Amino acid sequence: MRTGRQLIDKLYKEHMLKKEEWIFLLEHRTKEDAEYLFSLAREQQKKHFGNRIYTRGLIEFTNICRNDCYYCGIRRSNSNVERYRLTMEQILSCARSGHELGFRTFVLQGGEDLAYQDEDIVEIVQTIKNAYPDCAITLSIGEKSCESYKKYFDAGADRYLLRHETADENHYRRLHPAELSLKHRKQCLFDLKEIGYQVGCGFMVGSPGQTAECLAEDMLFIAELKPQMVGIGPFIPHHDTPFAEEQAGTLELTLFLLGMLRLMIPNLLLPATTALGTIAPDGREQGILAGANVVMPNLSPVSVRKKYELYDNKICTGDEAAECRMCLNRRMESIGYELVVDRGDFKPLEGEFAI
Ligand code: SAH
């Protein structure tokens, strides 16, 4: 068996490892391996993006959800959540302030709220697109039929985020009730890609029952899907869920995985997530220094922010959009990076590793 450092070199050169190699690297990683990995990850990040960090403005437009995922604070069974839906006017007002602050991508995220018919989502997409034709729209509203995805795409949606959550069947069962299936979630991702969306998948780090083998499966699945974005963040328990007493994922492992993802897909859009900023005060900065290149501050009205509580102690729930933007500006500048006013589209590579 090779050493961690040799495996990192192999990943750097070949952009892929075998399943046993991912497992070995994860199980035997040292502090020195991590430093080495991050230095190569930053080299790739700088090569493809310079010191430019892309931003996406997140609009959490409904916290009503038909699903009952065991980890999620807004799961159907949590009767302590005060449920809300933003009106079209509220959504547009978030987009307006976001646009003024320099956001050129809006991510509309929500629970799987059946009150929204396809026509409603289409209307939201078209209205924002008409108002801000220079912006990209990302949807993150869960599992839908291929026909629905097609309608949203035809209405102007550019991207879709749907974390696969875990690529391991048994682990998927541990995290979700029986009516949800990994097979269907993966099918959704392949459908989205086929339709022409820029697609983001992803997983939580350190969710209950996750092993190095599960993470190796995640890496293999990501290599197969070839997404344009991968969102990962630590699992953080929420007090009103069946996982209330479980351990949170660690900063250290999340950073290591960010570094591995940067080397596997060098031009990948890779966010330093809010969950990462929640488990450590400088989590997002450390994420950028491990290879991430995107941040997704919250544009939702302050009045609803606390109600979109996927996990405990979520940061930025009291700040106005402008404060979030300024705070992130400062944070990025403090480590030598800058937030840019740009849609931040995925740029395919020429040649061998083009996707
Ligand atoms: N309904 C949409 C959006 C889900 S919320 C969908 O199904 O895609 C966005 C992401 O938050 C989820 O995909 C999940 O990975 C993450 N999340 C949910 N609960 C979490 C928790 N307790 N800790 C960390 N991340 C969590």
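Just checking, how many residues over the range 96-126 are more than 25 Å from residue 53 (Cα to Cα) and in a strand (DSSP E or B)?
Going through the range 96-126 one residue at a time, the tally reaches 0.
Yes or no, residue by residue, for (1) more than 12 Å from the ligand (Cβ to nearest atom); (2) out of contact with any helix residue (DSSP H, G or I) (no Cβ under 9 Å at 6 or more places or on another chain); (3) open to solvent by 10 Å² or more (accessible area, probe 1.4 Å):
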| position | (1), (2), (3) |
| --- | --- |
| 53 | yes, no, no |
| 72 | no, yes, yes |
| 106 | yes, no, no |
| 117 | yes, yes, yes |
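For residue 257, indicate whether it is under 14 Å from the mean Cα position of the chain (by Cα) and assigned to a helix (DSSP H, G or I).
Details: under 14 Å from the mean Cα position of the chain (by Cα): yes; assigned to a helix (DSSP H, G or I): yes.
Considered against the rule, which asks whether it is under 14 Å from the mean Cα position of the chain (by Cα) and assigned to a helix (DSSP H, G or I), residue 257 comes out as yes.
Could you grab me the full set of residues in the range 160-190 that are more than 13 Å from the ligand (Cβ to nearest atom) and either of a type in the set (Asp, Glu) or under 21 Å from residue 344 (Cα atoms) (or both)?
Matches in the range 160-190: 168, 169, 179.
Let's see how each residue does on (1) touching a Ser or Thr at 6+ places or on another chain (Cβ under 6 Å); (2) of a type in the set (Phe, Trp, Tyr); (3) open to solvent by 20 Å² or more (accessible area, probe 1.4 Å); (4) in contact (Cβ under 8 Å) with a residue 60 or more places away in the chain:
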residue: 242; (1), (2), (3), (4): no, no, yes, yes
residue: 281; (1), (2), (3), (4): no, no, yes, no
residue: 337; (1), (2), (3), (4): no, yes, no, yes
residue: 341; (1), (2), (3), (4): no, no, yes, yes
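Could you grab me the full set of residues in the range 34-51 that are out of contact with any Phe, Trp or Tyr (no Cβ under 6 Å at 6 or more places or on another chain) and open to solvent by less than 20 Å² (accessible area, probe 1.4 Å)?
Hits for the range 34-51 are 37, 41, 44, 45.
Quick one: in the range 295-327, which of the residues that are in a loop (DSSP other than H, G, I, E, B), more than 16 Å from the ligand (Cβ to nearest atom) and touching a Ser or Thr at 6+ places or on another chain (Cβ under 9 Å) is least open to solvent (accessible area, probe 1.4 Å)? Let's see the steps before the verdict.
Going residue by residue through the range 295-327, those that are in a loop (DSSP other than H, G, I, E, B) are 296-297, 299-301, 306-320.
With more than 16 Å from the ligand (Cβ to nearest atom) added as a condition, the list becomes 301, 318-320.
Checking the rest, the ones that are also touching a Ser or Thr at 6+ places or on another chain (Cβ under 9 Å) come to 301, 320.
Numbers: 301: 31, 320: 103 Å².
Selected residue: 301.
Here is a list: 262, 330. Which entry is closer than 21 Å to residue 210 by Cβ, in a helix (DSSP H, G or I), more than 16 Å from the ligand (Cβ to nearest atom) and among the charged types (D, E, K, R)?
Sole residue among the options that is closer than 21 Å to residue 210 by Cβ, in a helix (DSSP H, G or I), more than 16 Å from the ligand (Cβ to nearest atom) and among the charged types (D, E, K, R): 262.
When you check residue 21 against the structure, is it more than 11 Å from residue 259 (Cα to Cα) and at pLDDT 95 or above, yes or no? Give the steps one after another, and end with the answer.
Working: more than 11 Å from residue 259 (Cα to Cα): yes; at pLDDT 95 or above: yes.
For residue 21, the condition - more than 11 Å from residue 259 (Cα to Cα) and at pLDDT 95 or above - is met.
Check the range 122-137 and report whether any residue there is closer than 30 Å to residue 235 by Cα, within 15 Å of the ligand (Cβ to nearest atom) and open to solvent by less than 10 Å² (accessible area, probe 1.4 Å).
no
Would a scan of the range 147-160 turn up a residue that is polar (S, T, N, Q) and open to solvent by 90 Å² or more (accessible area, probe 1.4 Å)?
Just the residues of the range 147-160 that are polar (S, T, N, Q), to begin with: 148.
Subsequent filtering for residues that are open to solvent by 90 Å² or more (accessible area, probe 1.4 Å) retains none.
No, every residue in the range 147-160 fails to be polar (S, T, N, Q) and open to solvent by 90 Å² or more (accessible area, probe 1.4 Å).
Restricting to the range 273-291, count the residues that are assigned to a loop (DSSP other than H, G, I, E, B) and out of contact with any strand residue (DSSP E or B) (no Cβ under 6 Å at 6 or more places or on another chain). Steps first, please.
Our first condition is that a residue be assigned to a loop (DSSP other than H, G, I, E, B); within the range 273-291, this holds for 273, 280-282, 290-291.
Filter once more, keeping what is out of contact with any strand residue (DSSP E or B) (no Cβ under 6 Å at 6 or more places or on another chain): 280-282, 290-291.
So the answer is 5.
State which residue is nearest to the chain's Cα centre (by Cα) when the search covers only the range 104-130 and only residues that are in contact (Cβ under 8 Å) with a residue 60 or more places away in the chain and over 20 Å from residue 304 (Cα atoms).
105
Among the aromatic types (Phe, Trp, Tyr), surrounded by fewer than 20 Cβ atoms within 10 Å (Cβ to Cβ) and under 29 Å from residue 173 (Cβ atoms): which single residue out of 235, 221, 256, 203 fits that description? Can you show your working first?
Details: 235 fails: surrounded by fewer than 20 Cβ atoms within 10 Å (Cβ to Cβ); 256 fails: surrounded by fewer than 20 Cβ atoms within 10 Å (Cβ to Cβ); 203 fails: surrounded by fewer than 20 Cβ atoms within 10 Å (Cβ to Cβ).
Going through 235, 221, 256, 203 in turn, the sole match is 221.
The values are calculated or read from the model by the stated rules, or taken from the named source; none is laboratory data. Note that this is a predicted model, so its numbers are computed, not measured. Note: ideal-geometry Cβ built from the backbone for every residue, glycine included; neighbour counts use all protein chains shown. Just the protein is used for accessible areas: all its heavy atoms, side chains included, with ligands, DNA and RNA removed. Shrake-Rupley method; radii C 1.70, N 1.55, O 1.52, S 1.80 Å.
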